[in-house]
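Colleague: Before I ask anything, here is the structure I am working with.
The values are calculated or read from the model by the stated rules, or taken from the named source; none is laboratory data. Predicted, not measured: the structure shown is a model, and the values here were computed from it. Here Cβ is always computed from backbone atoms with ideal geometry, including for glycine, and neighbour counts include all displayed protein chains. Calculation scope for accessible area: heavy atoms of the full protein, side chains included, ligands and nucleic acids excluded. Shrake-Rupley method; radii C 1.70, N 1.55, O 1.52, S 1.80 Å.
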Amino acid sequence: MTGVGTMVWLSSEIMFFAGLFAMYFTIRSTDPGMWAERTEYLDLTFASINTLILVISSVWCQFGVWKAERGIPHRTGSLFHIGNPLGATGWGMREWYVLTYLFGATFIAGQVWEYATLTSEGLTPTADSYGSVFYITTGFHGLHVTGGLIAFLLIIGRSFTAKRYTHAQATGAVVTSYYWHFVDVVWIALFFVIYVLR
């Protein structure tokens, strides 16, 4: 039931982001000249690297899910023995989720750095409609990523406090991965629309 509830909730999130995309394209169609001028501020190379970091975090997250489903909450050997993500030895869910968290936090740090750079160049949320739409769409996504990072901290913390790793804890890890994969897919769409379709 938890998985189904998460899927239903993510469906409502799809509607939320669909509204943001609609806002983006509506405002873009009203002033294409401004769009062409303002998109020159965007750094496609940096955004591509930041996107790659977030996408790779989804891979680490899925490795953690496979360990959680096998009932392996933490590593069974040395920290440097990563092992096969599908195997019974090596890193457990906790280690893969810590790695996911680090990559997600790096993505957010990159977004903050990008915001600081853009605002110093004059592209602020109040500069014009492009600035407003850019910061609203990417900012709401950043808030969702931050929410996912908080969820990872809770899942990781539970793996330390629980005496026994139960099915309920594995379910929590799995539904957190649903959310994380969702925010990754949304970012890929945002990246394509904002940075590639100029």
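Colleague: Whenever you get a sec, line up 158, 70 from highest to lowest accessible area (probe 1.4 Å, protein heavy atoms).
Modeller: Numbers: 158 95, 70 130 Å².
Largest to smallest exposure gives the sequence 70, 158.
Colleague: Calculate for the chain the 222 nm mean residue ellipticity that helices alone would give, adding -39,500 (n - 2.57) per DSSP H run of length 4 or more and normalising by residue count, nearest 500 deg cm²/dmol.
Modeller: -26500 deg cm²/dmol
Colleague: Sticking with this structure for a sec: Put 160, 140, 63 in order of accessible area, largest first, 1.4 Å probe: what do you get? Provide the component values of the computation, followed by the final result.
Modeller: On the way: 160 135, 140 80, 63 45 Å².
So the residues, ranked largest to smallest area, are 160, 140, 63.
Colleague: In addition: With the other protein chains left in place, how much accessible area per residue, in square angstrom, belongs to region 1-97 at a 1.4 angstrom probe? Walk me through the numbers before you get to the answer.
Modeller: Working: 5240 Å² over 97 residues.
I get 54 Å² per residue for region 1-97.
Colleague: In the neighborhood of residue 127, defined by Cβ-to-Cβ distances under 15 Å, what is the net charge if each Lys or Arg adds +1 and each Asp or Glu adds -1?
Modeller: Details: positive: 38; negative: 31, 37, 40, 121, 128.
Net local charge, residue 127 excluded: -4.
Colleague: Over the alpha-carbon set of region 85-145, work out the extent along each principal axis and list the three values in angstrom, largest first.
Modeller: Projected onto its principal axes, the Cα set of region 85-145 covers 55, 18, 13 Å.
Colleague: Which of the chymotrypsin sites (Phe, Trp or Tyr not before Pro) found in region 76-139 are loop residues per DSSP with 13 or fewer other Cβ atoms within 10 Å of their Cβ? Don't skip to the end; give the middle numbers.
Modeller: Numbers: sites: 80, 91, 96, 97, 101, 103, 107, 113, 115, 130, 134, 135; in loops: 80, 91.
Filter output for region 76-139: 80.
Colleague: Report, to the nearest 10°, how far helix 167-191 tilts away from the longest principal axis of the Cα atoms in the chain, using its own Cα long axis and a range of 0 to 90°.
Modeller: Taking the Cα atoms of the chain, the angle to 167-191 is about 20 degrees.
Colleague: Still on this model: Please get the size of the charge dipole for the chain, origin at its Cα centre, with Cβ charges of +1 on Lys and Arg and -1 on Asp and Glu, quoted in debye to the nearest 20. If you can, show how the numbers build up before the last one.
Modeller: Numbers: 10 positive and 11 negative charges, 218 e Å.
Roughly 1040 debye for the chain.
Colleague: With only Lys, Arg, Asp and Glu charged, each at its Cβ (+1 for the first two, -1 for the last two), find how big the charge dipole of region 1-117 is about the Cα centre; round to the nearest 20 debye. Walk me through the numbers before you get to the answer.
Modeller: Numbers: 6 positive and 8 negative charges, 114 e Å.
Using only the charged Cβ atoms, the result is roughly 540 debye.
Colleague: Report, to the nearest whole %, how much of the accessible area of the chain belongs to carbon and sulfur atoms, 1.4 Å probe, protein only.
Modeller: Working: 6980 of 9750 Å².
Taking all protein chains in place, the chain shows 72 percent carbon and sulfur surface.
Colleague: Then there's this: GNM on the chain, C-alpha springs below 10 Å: top fluctuator among 177, 57, 120?
Modeller: 120
Colleague: Sort out for me the Cα centre separation of region 34-91 from region 135-198, rounded to whole Å.
Modeller: Answer, in whole Å: 11.
Colleague: For 128, 184, give the ranking by accessible area with the largest first, probe 1.4 Å.
Modeller: Working: 128 40, 184 10 Å².
Largest accessible area first, the list is 128, 184.
Colleague: Work from the charge dipole of the chain (Cβ charges, +1 for Lys and Arg, -1 for Asp and Glu, about the Cα centre) and give the residue of 77, 118, 55 farthest towards its positive end.
Modeller: Going by the charge dipole, the pick is 77.
Colleague: On to the next question. Can you check what the net charge comes to around residue 155, using other residues whose Cβ is under 13 Å from the Cβ of residue 155 (Lys, Arg +1; Asp, Glu -1)? Intermediate values should be presented prior to the final figure.
Modeller: Details: positive: 67, 94, 158; negative: 95.
Taking every other residue near residue 155 into account, the sum is +2.
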